[in-house]
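Here's the structure we're looking at; comments come further down.
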Amino acid sequence: MALQSFIEVEPDSHFPIQNLPYGVFKPEPASVARPGVAIGEYVLDLSEISKAGLFNGPILKDSDCFLQPNLNKFLSLGRPAWKEARDMLQKLLSSNEATLRDNANLRQKSLVPMGKVEMLLPMEIGDYTDFFSSMHHAKNCGTIFRGPANAVPANCIFHLQVYRVVPYFRFHLPIAYHGRASSVVISGTDIVRPRGQFAPSGNSPPPFGPSQKLDFELEMAAVVGPGNELGKPIDVNEAADHIFGVMLMNDWSARDIQAWEYVPLGPFLGKSFGTTLSPWIVTLDALEPFACDSPKQDPQPLPYLAEKISKNYDISLEVQIKPAGKEDSCVVTRSNFKYLYWTLTQQLAHHTINGCNLRSGDLLGTGTISGPEPESLGCLLELTWNGQKPLSLDGFTRKFLEDGDEVTFTGFCKGNGYTVGFGTCSGKIVPSTP
């Protein structure tokens, strides 16, 4: 029989006992932040479980990792501690375990209705890196700006001429840029329309003002567990032990600002104004039943990127936009994590191959996740073909995002009688501040 919890969980809930994603929350506005896991419509307060002495395994019994205001200390303990915690929590929440089920006082203190909590960023993010791992996204952008005949040059590098922008998708390495950790925000935070310079016409000076090409980017992000010492790369076949789990991520983009500033150093003000994360980290252990083959990589990666087992995850992704002034949202894209060309473990291994040291809580974004079909494109740049084909939203049209628009991402995996989900990742665009 499938594992079941004594807590009632609806069949379509994202948070059955098979999931148990981690987050950080406040049960009351004046409360201290503390770690928790989601189960059905509740958050299990791990600080209360810890104080009750229920983390009694050899690694966690003397640890204060669940008495911290973030998950960084727990992340740093590594996979043996994560497995010990998961095994204990699944046992504690199971229908045939009396320890919590029959303890009314502990249940009252530790199980908090999800609708009453304030969710916070689950970790302190020291550094944030954003990769460019979707071949479909690269090919679509290349077609938009170079035409179908030149979308894929013969040298196996996608040169995407975006205005005066030339990013690359390489079949030999997963490229990335260093993002801004300070502007990573939790789901539900408003996003202020950024201002900046745009490409000038002729010899006139560049115009300045609010972005007119504000976009979402459908991404996911890996959360780093134990880091590595400076100068000591992580082997690609051991990289999974350094990844705690995965979150939904919207890496908002101001396409017009980005286009003018991009050369020669890459994204800056066109990206650094805001990145939104979902509240819950779904662990790799919870995702393991949904592992699938990654795309065939041709040419063969260099030895340091060649994996003994190369896998992605079958995670269904959806983007909805609720236009300003409307009550209902419209689905604008359905994609899947499995479309990524470069795996999470390859991204992490490549990040450290030069000796770069990662730290617990670091964030590694996948880049825009687009699929092969028109309905699976991961941003408005692709969906509207750079504004040439406005998107119809139940009587409204959009080339790019307008003030008041709310964008919501969801993601989930379908198991046998249960769903492992990520909750939602949402943000609303508010007018530029003078």
Mind checking which residues of the range 399-434 are in contact with a strand residue (DSSP E or B) (Cβ under 8 Å, 6 or more places away or on another chain), farther than 21 Å from A291 by Cβ and open to solvent by 60 Å² or more (accessible area, probe 1.4 Å)? K399, E402, D403, T424, K428, P431, T433
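Listed here are the residues, each with its yes/no results for (1) modelled with pLDDT of 95 or more; (2) of a type outside the set (S, T, N, Q); (3) open to solvent by 10 Å² or more (accessible area, probe 1.4 Å).
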| site | (1), (2), (3) |
| --- | --- |
| P11 | no, yes, yes |
| R34 | yes, yes, yes |
| E41 | yes, yes, yes |
| I49 | yes, yes, no |
| A52 | yes, yes, yes |
| P69 | yes, yes, yes |
What tally of residues in the range 189-199 results from selecting those that are in contact with a strand residue (DSSP E or B) (Cβ under 8 Å, 6 or more places away or on another chain) and surrounded by fewer than 17 Cβ atoms within 10 Å (Cβ to Cβ)? 5
From the list I49, I144, I59, which one is among the β-branched types (V, I, T) and within 30 Å of G266 (Cα to Cα)? I144
Exactly one of L358, L364 is under 28 Å from K232 (Cα atoms), part of a strand (DSSP E or B) and in the same structural domain as T189 (by the TED database), and that residue is L364
Residue under question is T333, and the condition is that it be surrounded by fewer than 20 Cβ atoms within 10 Å (Cβ to Cβ), polar (S, T, N, Q) and not in a loop (DSSP other than H, G, I, E, B); does it hold? no
Is it the case, given these coordinates, that D251 is charged (D, E, K, R), open to solvent by less than 40 Å² (accessible area, probe 1.4 Å) and touching a Phe, Trp or Tyr at 6+ places or on another chain (Cβ under 7 Å)? no
Could you check how many residues of the range 84-135 are at pLDDT 95 or above, under 26 Å from the mean Cα position of the chain (by Cα) and assigned to a helix (DSSP H, G or I)? 9
Could you say whether any residue in the range 57-66 is in contact (Cβ under 8 Å) with a residue 24 or more places away in the chain, buried (at least 20 other Cβ atoms within 10 Å of the Cβ) and β-branched (V, I, T)? no
Scanning the range 13-32 residue by residue, the ones that are closer than 16 Å to V112 by Cα, open to solvent by 30 Å² or more (accessible area, probe 1.4 Å) and under 21 Å from the mean Cα position of the chain (by Cα) total 0
Among the residues of the range 286-308, the number that are open to solvent by 80 Å² or more (accessible area, probe 1.4 Å) and in contact (Cβ under 8 Å) with a residue 24 or more places away in the chain is 4
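The values are calculated or read from the model by the stated rules, or taken from the named source; none is laboratory data. As the structure is a prediction and not an experimental result, all values here were calculated from the model. Using ideal geometry, Cβ is built from the backbone for each residue, glycine included, and neighbour counts are taken over all protein chains shown. Calculation scope for accessible area: heavy atoms of the full protein, side chains included, ligands and nucleic acids excluded. Shrake-Rupley method; radii C 1.70, N 1.55, O 1.52, S 1.80 Å.
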